[in-house]
Amino acid sequence: MPQSADTVKDHISLFQEPEYKELFAHKKEQYECRHPDEEVAKQLEYTKSWEYREKNFARQHAVINPPRACQPLGAVFAAAGFEGSMPYVHGSQGCAAYFRSHLSRHFKDASVCVSDSMTEDAAVFGGLANLVDGLQNCNTLYKPKMITISTTCMAEVIGDDLSSFINTAKEKEAIPADLPTPFAHTPSFVGSHITGYDNMIKGIFSYFWDREAQLTPTPGGKINIIPGFDGYAPANNREIKRYLDLMGVDYTLVCDVSDTFDSPTDGTYKMYYGGTTIEDTRAAINAKATLSLQEFSTEKTLDYVATKGQTVAALNSPMGVSGTDAFLMKVAELSGKAIPEALEIERGRLVDAIADSNAWLHGKRVALFGDPDVVYGLTAFLLELGMEPIHILASNGSAEWEQKTKDLLATSRFGDGGTAWRGKDLWHMRSLLFTEPVDLLIGSSYGKYLEKDTGTPFIRLGFPVFDRHHHHRFPTFGYQGALRVLVEILDRIFEVADASSDISYDLTR
Amino acid sequence: MSLDYTVDGAFNEGLIKEAVEAHPEKAGKKRARHLGTVKTDAEGTSTCGVKSNIKSVPGVMTQRGCAYAGAKGVVWGPIKDMVHISHGPVGCGHYSWSQRRNYFNGTVGIDSFVTMQITSDFQERDIVFGGDKNLEKMIDELETMFPLTKGYSILSECPIGLIGDDIEAVSKKKAKDTEKLVVPCRCEGFRGISQSLGHHIANDGIRDWILGKNEQEWETGPYDVNLIADYNIGGDAWPSRKLLEEMGLRVIGQWTGDSTLAEIERAPKAKINLIHCYRSMNYICRHMEETWGIPWLEYNFFGPTQIAKSLRKIAAKFDETIQANAEKVIAKYQPLADAVIAKYQPRLDGKRVMLFVGGLRPRHTATAYEDLGMQVIGSGYEFAHNDDYQRTAEYLKDGTLIYDDASEYELELFIEKLKPDLVGSGIKEKYGTQKMGVPFRQMHSWDYSGPYHGYDGFAVFARDMDLAVNAPVWSKIKAPWKAA
């Protein structure tokens with residue numbers, strides 16, 4: 001008998017037991033009518049070929065394993081970064097359940113979001129009645145300081161008008177007229193989750209700056225920092241704040257989920273925990289500048305902020321030495337504050353570490369995928385490590401991203417072999433890895449299937465990371481974050497070296 | 001069932017009142033019908049006292065999903081040798097990608113496609129001009145990419161039903177072109193009120209597009225059965241199958257966890273359908289009964305008490321050989337069950353459990369907890385119907401709190417006030433509950449563990465409940481300088 005009370009076997013070992021192996025074989029042989037093993041093996045080999053790759057890249061309609069989600073996920077993430085904010089999805093309820101599950105699986109933390117549960121009658125008559133009831137119920141039960149509303153594709157296809165619906169709800173006194181209700185239309189069939197993030201941040205700004213009251217900017221000395229859609233936000237935002245505090249910068253971190261998605265277990269569940277305050281969000285109009293850390297997640301937001309007379313600037317997920325340097329220098333330029341020596345020392349430690357490990361990094365070929373800013377920032381870091389980014393894939397990357405990445409590659413001889421792939425998916429990546437192999441693959445948890453299929457050593461870096469715990473509790477941003485990424489890369493390289501040969505099984509490396 | 005304990009029904013009635021009164025009047029009135037306690041009348045009939053399968057109240061944070069989730073995530077998705085197309089925008093397929101843990105044997109991307117996200121990735125132009133042409137060409141491309149697939153299911157997301165696409169016509173055309181099965185499934189997320197309609201629509205798809213269409217050469221034996229509605233979460237269906245095979249039955253179709261299309265097509269040849277998740281597949285069992293006269297039988301493979309009862313119930317449908325075999329199987333595994341109970345009951349005895357799961361487990365797992373000496377003090381379903389609640393009352397003690405389609409608010413209130421020793425629910429409920437210092441197990445995904453079915457699974461179930469309830473971390477919730 002394979003199971004015992006003394007040593008309980010779960011799925012990881014139970015199904016390796018002979019009894020189960022026999023069961024599988026019997027089921028396959030007697031009942032499954034599968035293709036013969038030889039045919040499966042032949043097709044498997046064929047999928048590794050250049051010929052298959054060409055057919056794969058000829059696809060124009062079928063999308064296979066795209067590492068990209070839809071707009072409202074980004075909007076719900078954005079909504080979670082404000083004090084007392086309840087994310088609200090106007091449309092089908094299943095979407096809200098998916099967003100909550102998705103965020104919880106990554107952050108290992110509670111994620112809240114109400115929906116107004118539109119069904120077939122709402123498809124015919126519109127979702128006004130759902131929105132009016134939904135806002136009232138949400139406000140009564142959960143007592144939010146603001147309700148932050150986005151849409152599902154159902155509401156978008158039938159053309160519900162959030163602005164007028166919300167006004168009607170307030171006229172009907174479903175919710176108090178002064179309860180902040182920022183909103184954004186976030187159709188799933190346009191862009192991806194980073195588009196939804198952009199639309200929601202813009203929606204929040206424009207609500208507080210234009211709709212709630214027509215504010216006139218009175219420029220002060222503060223700067224706004226928008227971190228972007230970031231799976232490492234809990235730790236990264238804390239690191240950003242530490243840097244800014246060390247510099248003595250007066251700032252507002254706009255959309256701060258560092259507490260929302262990383263709250264303590266102390267016996268009380270706090271639905272609202274942390275976030276950018278509403279007061280700071282209103283006052284953000286008076287900043288002298290807004291700096292986005294993710295250019296491609298905040299394009300519309302920055303255009304809008306610029307209309308308020310602010311200086312706007314954007315980076316691409318600053319990572320590594322130069323990325324962090326650029327961040328600090330940009331902040332120094334915008335704020336007029338000096339970069340303190342303490343940060344220079346941190347920088348020096350990172351450079352020290354890279355110099356120590358350089359030989360193991362040099363010339364290693366890397367494939368990477370993820371959101372455009374993250375992939376860009378990582379590519380820049382790889383180049384300064386002397387590694388060679390080869391397949392650089394952003395399924396939601398724009399033409400501008402592609403050009404910018406090409407320009408980046410052209411700055412270094414380590415970029416000679418690199419290609420920026422936009423609009424491609426992980427089935428494309430599979431062909432790339434088989435036909436032009438690399439030493440390392442870096443991306444979100446979905447990359448684990450590529451590691452299994454192609455044997456490429458894989459490092460998890462991106463969103464979502466479902467199958468490793470707590471990565472988001474440590475930064476990827478700044479000099480400290482770069483150290484963490486460096487160590488992960490090195491560990492993987494050393495593991496491969498240790499596993500590859502008995503002869504070179506060195507004690508010291 | 002035999003475990004003797006009482007539940008404070010009066011306290012629970014008070015909780016219901018508190019929950020209802022927290023809502024605006026209209027919403028409170030609606031929610032009141034979904035909250036109740038188990039009561040037994042003078043004739044000995046137990047009822048849960050709740051209405052179910054009704055639209056969720058907007059804005060209360062229902063934990064429910066949608067029809068697409070029920071059709072793709074539950075019923076179709078696990079069929080391993082078909083390509084399941086999430087037809088519409090990219091999100092639905094993304095969020096459901098590899099999340100149900102429907103284990104299978106096969107080569108991914110070659111002859112099995114369970115852990116893939118294949119989507120038509122609707123863009124604005126598809127909304128404006130329709131997605132049918134795109135879908136046709138997509139299937140041609142998938143034929144090139146995955147020539148060994150046995151067919152396709154087309155799982156509609158919200159926009160499809162709103163823009164008037166004719167996926168049935170596309171399916172017929174492409175079935176002809178590819179000479180493979182192509183099944184349209186109208187499981188748009190706005191249809192119905194929960195995952196449940198998605199199950200039903202998916203069942204209808206199997207009925208209308210598969211069963212009886214492609215007759216297989218199959219000589220039916222006297223012991224041919226289908227194992228229906230086990231989705232092989234963490235491998236659940238395999239220890240279940242093992243028990244049936246050890247009894248001498250031939251499991252000619254296993255639906256839909258680790259199933260192939262052939263196993264679906266062959267189903268009408270069986271002598272009986274054995275159904276585990278009644279909620280998601282009773283429809284197709286009724287259809288097979290009406291069409292081919294195949295009887296069906298519900299069973300429960302959670303915990304030794306229910307397993308033995310079910311094995312005997314199943315055996316009673318067959319001859320004395322099978323009945324004798326069933327006794328042998330029970331006798332073979334009872335020592336394992338006894339050893340598991342001997343090991344874990346001392347650690348779990350008297351621990352109080354609250355459950356909130358989908359459409360089956362809030363009742364089906366109750367006795368397994370009781371086998372370990374645990375007490376179920378509250379239970380509820382996301383998407384059960386009246387017939388599920390009818391089947392539930394007999395599992396539970398009088399006074400047990402029942403919550404249908406409970407909202408986040410209600411669950412949080414009930415957990416806070418009842419202070420159970422364990423909550424069994426889903427990923428959305430997990431982390432908030434743990435913040436309260438209350439141990440938790442995900443009971444949809446088995447919290448990445450499993451299997452929980454059968455005797456082999458019961459050992460895992462017992463181990464997991466123990467490791468959750470008795471984790472040292474729960475003694476660290478309060479800082480020692482604050483512990484009063």
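Read the figures in this text as sums done on the coordinates, not as results from a lab. What you see is a predicted model; the values in this text were computed from it and never measured. A quick note on method: Cβ atoms are made from the backbone with ideal geometry, for glycine too, and the neighbour counts reach across all protein chains shown.
Values for this structure:
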| item | result |
| --- | --- |
| Residue among A:A235, A:P264, A:G248 farthest towards the positive dipole end of segment A:223-266, charges placed on Cβ | A:G248 |
| Chain B: angle of helix B:304-315 to the longest principal axis, Cα-based, in degrees nearest 10 | 40 degrees |
| Alpha carbon centroid spacing (whole Å) that separates segment A:185-230 from segment B:164-233 | 45 Å |
| Alpha carbon convex hull of segment B:1-144, volume per residue in cubic angstrom | 199 Å³ |
| Fraction in percent of alpha-carbon pairs per bin - 5 Å, segment A:356-417 | 4, 21, 32, 24, 12, 5, 2, 0 |
| Interatomic Cα distance distribution for segment B:59-176, bins of 5 angstrom, percent | 2, 11, 22, 23, 21, 12, 6, 2, 1, 0 |
| Neighbourhood net charge (12 Å Cβ-Cβ; Lys/Arg +1, Asp/Glu -1) for A:Q480 | +3 |
| Spin-label pair B:A169/A:K452, simplified geometry with 7 Å Cα→Cβ offset, distance in nm | 4.0 nm |
| 5 angstrom amide H check on A:V63, placed H, neighbours 5+ away | B:T119 |
| Surface/4 of the Cα convex hull for segment A:181-248, nm² | 6.2 nm² |
| √(5λ) per eigenvalue of the Cα gyration tensor, the protein assembly as shown, largest first, Å | 45, 35, 29 |
| Packing-based ranking, highest mean first, of A:198-205, A:285-292, A:265-272 given that Cβ atoms within 10 Å are counted | A:198-205, A:285-292, A:265-272 |
| Fraction of alpha-carbon pairs over 13 Å apart in segment A:295-356 - percent | 69 percent |
| Estimated vicinal HN-Hα couplings, Hz - segment A:281-296 in sequence order (Karplus 6.51, -1.76, 1.60; Gly, Pro = x) | 5, 4, 6, 4, 5, 8, 5, 8, 7, 10, 10, 9, 8, 9, 3, 7 |
| Helix axis angle, B:320-348 relative to chain B longest principal axis, alpha carbon, degrees | 50 degrees |
| Amide H contacts of A:T276 (H built 1.01 Å from N, under 5 Å, at least 5 apart or other chain) | A:F82, A:E83, A:C255, A:D256 |
| Karplus 3J(HN,Hα) series, Hz, for segment B:191-200 with 6.51 cos²θ - 1.76 cosθ + 1.60 (x for Gly, Pro) | 6, x, 10, 5, 4, 4, 5, x, 4, 4 |
| Segment A:90-149 shape via C-alpha gyration tensor axes, a/c threshold 1.5 | oblate |
| Cα gyration tensor of segment A:1-55 - equivalent ellipsoid semi-axes, whole Å, descending | 35, 16, 7 |
| Kirkwood hydrodynamic radius over Cα pairs of segment B:147-302, then Stokes diffusion coefficient at 4 °C and 1.567 mPa s, in µm²/s | 78 µm²/s |
| Net charge of neighbours whose Cβ lies under 10 Å from the Cβ of B:V83, counting Lys and Arg as +1 and Asp and Glu as -1 | 0 |
| DSSP-assigned coil residues among trypsin sites (Lys or Arg not before Pro) in segment B:171-223, each with at most 16 further Cβ atoms within 10 Å | B:K213 |
| Near-label residues of segment B:394-431 by backbone N, under 20 Å of a point 7 Å along Cα→Cβ of A:R473 | B:427-431 |
| Cα gyration tensor, chain B - rounded (a/c under 1.5), prolate or oblate | oblate |
| For A:9-21, mean number of other protein chain Cβ atoms within 10 Å | 5 |
| Neighbouring partner chain Cβ atoms per residue of B:45-51, average, 10 Å criterion | 0 |
| Kirkwood hydrodynamic radius of segment B:255-396, from inverse mean 1/r over distinct Cα pairs, in Å | 16.9 Å |
| Pairs of alpha carbons in chain A whose separation is greater than 40 Å (percent) | 29 percent |
| Peptide B:112-120 - average C-beta neighbours from other chains (10 Å radius) | 4 |
| For segment B:113-174, convex hull volume per residue from C-alpha positions, Å³ | 92 Å³ |
| For peptides A:411-418, A:477-484, sequence by mean Cβ density within 10 Å, most packed first | A:477-484, A:411-418 |
| Angstrom value of the Kirkwood radius, inverse mean 1/r, which spans all Cα pairs in segment B:358-448 | 13.4 Å |
| Cα gyration tensor shape for segment B:152-209, rounded if a/c is under 1.5, else prolate or oblate | oblate |
| Cut-off under 5 Å, modelled amide H: who pairs with B:T256 long-range | B:A229, B:D230 |
| FRET efficiency for A:E29 and B:D319, using Cβ-Cβ distance with R0 set to 25 Å, rounded to 0.05 | 0.45 |
| Degrees, to the nearest 10: B:454-469 long Cα axis against longest axis of chain B | 50 degrees |
| P(r) weight above 26 Å for segment A:294-425, C-alpha pairs, percent | 30 percent |
| Cα-based radius of gyration of segment B:398-445 once divided by 2.2 N^0.38 Å, which approximates compact folds | 1.08 |
| At 1.002 mPa s and 20 °C, Stokes D of segment A:321-393 from Kirkwood alpha-carbon radius, µm² per second | 156 µm²/s |
| Sites A:S501 and A:K42 - FRET efficiency at Förster radius 35 Å, r taken between beta-carbons, to 0.05 | 0.65 |
| Relative contact order computed over chain B (Cα-Cα under 8 Å; 6+ residues apart), in percent | 19 percent |
| Test item: Cα-centred dipole of segment B:235-274, Lys/Arg +1 and Asp/Glu -1 on Cβ, debye | 200 debye |
| Only Lys, Arg (+1) and Asp, Glu (-1) charged, at Cβ; chain A dipole about Cα centre in debye | 500 debye |
| Histogram of C-alpha separations across segment A:352-509, 10 Å bin width, % | 10, 41, 38, 10, 1 |
| Longest DSSP-loop-exposure-free segment, GluC sites (Glu not before Pro), chain B, at most 13 other Cβ within 10 Å | B:220-484 |
| Test item: Cα-centred dipole of segment A:378-470, Lys/Arg +1 and Asp/Glu -1 on Cβ, debye | 220 debye |
| Rounded Å value of the spacing that divides the Cα centres of segment B:250-267 and segment A:335-402 | 50 Å |
| Segments B:57-67, A:161-171 sorted - mean Cβ within 10 Å per residue, highest first | B:57-67, A:161-171 |
| Under Karplus coefficients 6.51, -1.76 and 1.60, residue-wise ³J(HN,Hα) of segment A:456-467 in Hz, glycine/proline x | 6, x, 10, 10, 7, 8, x, 10, x, 10, 9, 9 |
| Over segment A:35-79, volume per residue of the alpha carbon convex hull, in Å³ | 131 Å³ |
| Whole-number D in µm²/s for segment A:1-145 (Stokes-Einstein; Kirkwood sum over Cα pairs; 4 °C, 1.567 mPa s) | 62 µm²/s |
